[in-house]
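Take a look at the structure set out below.
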Amino acid sequence: MNEAQLLNTVLERQAPAVARCLSPLGRRAAFPQGIPFQASQAQDTEINACIGQLTDGAGDPLPLPGLQQATEQLDPKMAFLYSPQDGHESLRRAWAARQRRLSGTSVVDTALPMVVHGLTHGCSILANLFADPNTDVVVATPMWGNYRLIFELFTGARIKSYPFFREGRFNVAGLSETLQSVAGKAVIIFNFPHNPTGYTPQQEEIEAIVDTVVGHHGPAIALIDDAYHGLIYEPNLMRRSLFWELAERADPDKLCPMRLDGVTKELVFFGGRVGFISHPLMGEVQAALHAKLKCIARGTTNVPAGPSQALVLKALELPDLEDQIEQRTAVLKERYQRLKSELADLRSSKVRAWPFNSGAFALLEVDAAINAEQLRQNLIVEHSVGTVRIDGINALRLAYCSVATAAIPPLIRAIGDAVETFC
Ligand SMILES: Cc1ncc(COP(=O)(O)O)c(C=O)c1O
């Protein structure tokens, strides 16, 4: 048996849903026993001639002085030398501790999260591992457009979608009907707060989602994309990730939840490119799964970036990190509230805001008689206002996260005026 077959045997025994969801590439994947593997075995040797990186011969880096000065605050080894394939352990532990703190109480054990090059990279690794032309990817529409590239274009999986809303709430019936139409394996994507609607389901909706997903015949991977985790502005909404609810109730023969989160929005570090893959598989099966995840990461971007990891670790060690995040979230909340009140005052029968309560976005549906793309162009040319048209619906997305509170009234006025010129 080769290494990949050995890993598959472990997964088949201990995580049947994961084993049955593997793509052909996923079945072949095993972290090669090449340079990083052999270097980790030799890490305590006196004379270590394993890794192709310039050191002083005793394991410390020899950076350019200019770069060293620019990163003075950072741990030089972490910033300048190659990272382990799954990220620095200190960072993984610090992130896991924060996830735990924010999870409320959960009885579920989770493996140390694996560091990836932003959430997109994490999503792409999971797609490579689990999706192929025999996979249904179940996701509500409208959706983050990159899922199409990551799953459909690169792996040939079939996207099976259902409308996000039904009577102003998350469409659990649509999810259930779509799952019933899945004959083989599935990747079921959830992203709350949601891009592009800016909606997070309420407690009863979450419970219905969990009942539906754990009741599915499987095998399935539930991919919880927590890109906008924590951006909650209403008191009655759940802050805890759906990941925990699913991890607590998943039957490993049928379902495995995989979580994607990261610093992009949560730590307001868009340029940082640090994301994490987390899951509830422990022990031997964790090692088998990580060997596959690391194999795919190594064959795409290789190891994650050192300076970003060092910066994020510094942030996670700040005693007032959560206060700092809260201050930024308060800025977003103010913009959210102003947008809500401006939309309530907008007396146009041609524009309708979809429900939104969290995250960074709001969707405005425009009357069928008005072409959203033409409206978008008109807003740029006549009003100097930028918005995004969303595929599949006649609507514009407003990223109010990047509009100052004072600019929100003129933004909504411009949309009202532009709509009138089309009537
Ligand atoms: C739903 C969703 N998931 C993932 C991402 C990607 O995050 P990252 O920039 O970390 O790759 C985004 C970014 O816009 C997003 O909206």
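Mind telling me which of the residues E3, E12 ends up being acidic (D, E), without any contact (Cβ under 8 Å) to a residue 24 or more places away in the chain and under 30 Å from T155 (Cβ atoms)?
Just a single option satisfies the conditions, and that option is E12.
Which condition from (1) in contact with a Leu (Cβ under 9 Å, 6 or more places away or on another chain); (2) of a type outside the set (D, E, K, R); (3) closer than 30 Å to K314 by Cβ is the one that I35 breaks?
For I35, the exception is condition (1).
When N146 is evaluated against the numbered criteria (1) in contact with a Ser or Thr (Cβ under 7 Å, 6 or more places away or on another chain); (2) closer than 28 Å to M114 by Cβ; (3) touching a residue at least 40 places away in the same chain (Cβ under 8 Å), which criterion, by number, is the only one it fails?
(3)
Among the residues in segment 277-285, are any within 16 Å of the ligand (Cβ to nearest atom) and either touching a Phe, Trp or Tyr at 6+ places or on another chain (Cβ under 9 Å) or at negative phi (or both)?
Checking segment 277-285: at least one residue is within 16 Å of the ligand (Cβ to nearest atom) and either touching a Phe, Trp or Tyr at 6+ places or on another chain (Cβ under 9 Å) or at negative phi (or both).
Being without any contact (Cβ under 8 Å) to a residue 12 or more places away in the chain and not charged (D, E, K, R) is the filter here; which residues of segment 208-226 pass it?
Hit for segment 208-226 is G215, nothing else.
Within segment 230-265, count every residue that is within 16 Å of the ligand (Cβ to nearest atom), outside any strand (DSSP E or B) and in contact with a Phe, Trp or Tyr (Cβ under 8 Å, 6 or more places away or on another chain).
4
Consider T141 against the criteria (1) more than 16 Å from the ligand (Cβ to nearest atom); (2) in contact with a Pro (Cβ under 7 Å, 6 or more places away or on another chain): it satisfies all of them except one. Which criterion is unmet?
Failing condition for T141: (1).
Restricting segment 388-423 to residues that are charged (D, E, K, R) and out of contact with any Ser or Thr (no Cβ under 9 Å at 6 or more places or on another chain), which is surrounded by the most Cβ atoms within 10 Å (Cβ to Cβ)?
Applying the filter and picking the extreme gives R389.
Say whether the condition of being farther than 16 Å from R413 by Cβ, at pLDDT below 95 and outside any helix (DSSP H, G or I) is met by at least one residue in segment 338-351.
Yes; the residues of segment 338-351 include at least one that is farther than 16 Å from R413 by Cβ, at pLDDT below 95 and outside any helix (DSSP H, G or I).
Scan segment 103-124 for residues that are among the small types (G, A, S) and closer than 22 Å to V187 by Cβ and report the count.
Of the residues in that region, 4 qualify.
With (1) touching a Ser or Thr at 6+ places or on another chain (Cβ under 7 Å); (2) closer than 14 Å to A287 by Cβ as the list, and S23 as the residue in question, which single condition is left unmet?
For S23, the failing item is (2).
Within segment 215-229, track down each residue that is in a loop (DSSP other than H, G, I, E, B) and either β-branched (V, I, T) or more than 11 Å from the ligand (Cβ to nearest atom) (or both).
Those that are in a loop (DSSP other than H, G, I, E, B) and either β-branched (V, I, T) or more than 11 Å from the ligand (Cβ to nearest atom) (or both): G215, H216, H217, G218, P219.
Scan segment 270-287 for residues that are within 17 Å of the chain's Cα centre (by Cα), buried (at least 17 other Cβ atoms within 10 Å of the Cβ) and not basic (K, R) and report the count.
Qualifying residue count for the region: 8.
For segment 400-418, state whether one or more residues are touching a strand residue (DSSP E or B) at 6+ places or on another chain (Cβ under 8 Å) and either among the hydroxyl-bearing types (S, T, Y) or under 28 Å from G230 (Cα atoms) (or both).
yes
Among all residue pairs at least 6 apart or on different chains, which show Cβ distances below 7 Å where the first residue, located in segment 59-70, is outside the structural domain of A310 (by TED's automatic domain parsing) and the second is outside any helix (DSSP H, G or I) and surrounded by 13 or more Cβ atoms within 10 Å (Cβ to Cβ)?
Matching pairs, first to second residue: P61/T55; P61/L81; L62/T55.
With the requirement that a residue be assigned to a helix (DSSP H, G or I) and under 14 Å from A140 (Cα atoms), what does segment 180-212 give you?
I209, the sole residue that qualifies.
Is segment 317-334 home to any residue that is part of a helix (DSSP H, G or I), of a type in the set (G, A, S), at pLDDT 95 or above and over 21 Å from the mean Cα position of the chain (by Cα)?
Yes, there is a match, as at least one residue in segment 317-334 is part of a helix (DSSP H, G or I), of a type in the set (G, A, S), at pLDDT 95 or above and over 21 Å from the mean Cα position of the chain (by Cα).
The values are calculated or read from the model by the stated rules, or taken from the named source; none is laboratory data. This is a predicted model, so every value here is computed, not measured. Cβ atoms come from the backbone with ideal geometry, glycine included; neighbour counts cover every protein chain shown.
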